[in-house]
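First comes the structure, then the notes that go with it.
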């Protein structure tokens, strides 16, 4: 997953291309797939190549948002791996999935700290209000997920947000405390790396370019 400011920036940049009209439904759909961390449903129910293909040409704005979430995950996974290969030196999904996930999540946090500058976080509480639960998960899990996003981003200026602010978001998503600490520690280390910290807009542009191959 990318984190939510990244997902919302990416979705807004593709809104016209996809023909989305209802911004609330569209962005609620955009953040919906990661509500699985709150509801506890299986990842395959919200993230899969089959779903991506099914949703791509939907005329429903919520489903358009869901599709763009899946596309965002795909192209950023490619872009991050290509650009920051050394971060994963000696570590792969196959050899150590937990360590790979920690480093990957830390890169996503650094990426999100950059992308939050380009979205109006004060609008999140207005935008993220759809009560749709496509997988029949508990409706309150969708509300908890949306509210945690709105609260986390709206309660701090993008000029002041730090990796520590994401502790709340990860906790709501039932990430264990050791993993949260490891992700935050890695992200703080990556922020001190001038290449990683200084190339986030380049990474975003690369992902946008990759996305054109799938649209």
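Bear in mind these aren't lab numbers, they're just calculated from the coordinates by the rules spelled out. None of these values were measured; they are calculated from a predicted model. Don't worry about glycine lacking a Cβ; one is built from the backbone with ideal geometry, like all the others, and counts go over all protein chains shown.
Multiply the residue gap between residue 126 and residue 209 by 0.36 nm, knock off their C-alpha separation, and tell me the result in nm, one decimal place. Could the numbers behind the result be given before it?
Values: separation 83, 0.36 × 83 = 29.88 nm, distance 2.97 nm.
Full extension from residue 126 to residue 209 adds 26.9 nm.
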Under a Gaussian network model of the chain whose springs join Cα atoms within less than 10 Å, the largest fluctuation of 193, 185, 151 belongs to 193
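When a/c reaches 1.5 or more, the comparison of a/b and b/c decides; with that in mind, is the chain rounded, prolate or oblate per its Cα gyration tensor?
Numbers: a/c = 1.39, a/b = 1.28, b/c = 1.09.
Rounded, since a/c falls under 1.5.
Please work out how much length the chain gains when fully extended from residue 156 to residue 202, using 0.36 nm per residue of separation minus the C-alpha to C-alpha distance, in nm with one decimal.
On the way: separation 46, 0.36 × 46 = 16.56 nm, distance 2.51 nm.
Result for the pair: 14.0 nm of gain on full extension.
If I stretch the segment between residue 22 and residue 82 completely, what's the gain in nm (0.36 nm per residue apart, minus their alpha carbon distance), one decimal? Walk me through the numbers before you get to the answer.
On the way: separation 60, 0.36 × 60 = 21.60 nm, distance 3.45 nm.
Answer, rounded to one decimal: 18.2 nm.
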From DSSP H assignment alone, runs of 4+ in the chain each adding -39500 (n - 2.57), the sum over residues rounded to the nearest 500 puts [θ] at 222 nm at -18500 deg cm²/dmol
1/(1 + (r/R0)^6) with r = Cβ-Cβ of residue 60 and residue 178, R0 = 35 Å, i.e. FRET efficiency to nearest 0.05, evaluates to 0.35
Rounded to 0.05, the calculated FRET efficiency for the beta carbons of residue 194 and residue 101 at R₀ = 30 Å is 0.75
Two pseudo-spin positions, 7 Å from Cα along C-beta at residue 143 and at residue 43, lie apart in nanometres by 2.9 nm
